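We did not get these values from a lab; they are worked out from the coordinates using the rules stated. These numbers come from a predicted model, not from an experiment. Neighbour counts are summed over all protein chains in view; Cβ atoms, including those assigned to glycine, are modelled from backbone coordinates with ideal geometry.
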Amino acid sequence: MAETKWIVGCFSCGSCIEDGRRYFCVQRVRRIRGDSDFNKDRILDVMASLQVCAPCMTKAATRDVIFQDVPVPMLNLEKEAVRKLAQSIVAGYPMKEPLTKSEDSCSFCHTPIGCGATYTMIEIVGSMQEGTLCEEELLAELAIVCEACAMKYMVWL
C-alpha cells in the first residue's frame, strides 16, 4: 500500500510547507462531552481553519497577514489569535488567552456544556509534518463553543 503524502499549505502566502518545516494551525475539534475521566470526550471531527508557515507567522507579529482564499469561514478570534501568538513568539513571552473561558460553558453565550453535549474546542497548535506523521504541540485553547453558537457562527459547514 502506498504511503499517503499530506500537502500542507500556508493560508497567507499560498506556499506549500515542506516536510520537516514548522507551521502553526488553528484547529476546530468537535467533541461530545464524556461523563468522567473514565468516559472521556469523544472526538467527532477535526479540521484546520487556518494554517500559517513560520515566515508568515513572523510577519504577523509586525503587521496583519492577509489570508487569501480561506477555505472555511473564520472567526475573527482565530485571526486575532494568530497575530497575538506571533507577537508573543517574537517578544519571547507566553500568549495570553484571548477569551475568558471555562471548560464547562460556551465562551460566547455561556451556556453550560454538560455530559453528552456536542461542543467545539478551538485551539492553536504548532505543527511539523514528517511524511504521514504529524507532531503537534498545543499552544493555546482559544474558545469552547456550544453547538448552537457553532451553527450561528458557521464553525462547521
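Summary table below
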item	result
Label-point separation in nm, ILE66 to ASP37, each point 7 Å along Cα→Cβ	5.0 nm
Vicinal HN-Hα couplings computed from phi for segment 47-53 (Karplus, 6.51 cos²θ - 1.76 cosθ + 1.60; Hz; Gly/Pro x)	8, 8, 9, 7, 10, 9, 6
Additional length obtainable on full extension of the chain from THR118 to ALA54, 0.36 nm per residue less Cα span	19.7 nm
Cα-centre dipole for segment 8-152 with unit charges at Cβ (Lys and Arg positive, Asp and Glu negative), debye to 20	440 debye
CYS13-LYS152 FRET efficiency (beta carbon distance; Förster radius 22 Å; 0.05 resolution)	0.10
Fewest-first sequence of THR62, THR111 by Cβ atoms within 10 Å of each Cβ	THR62, THR111
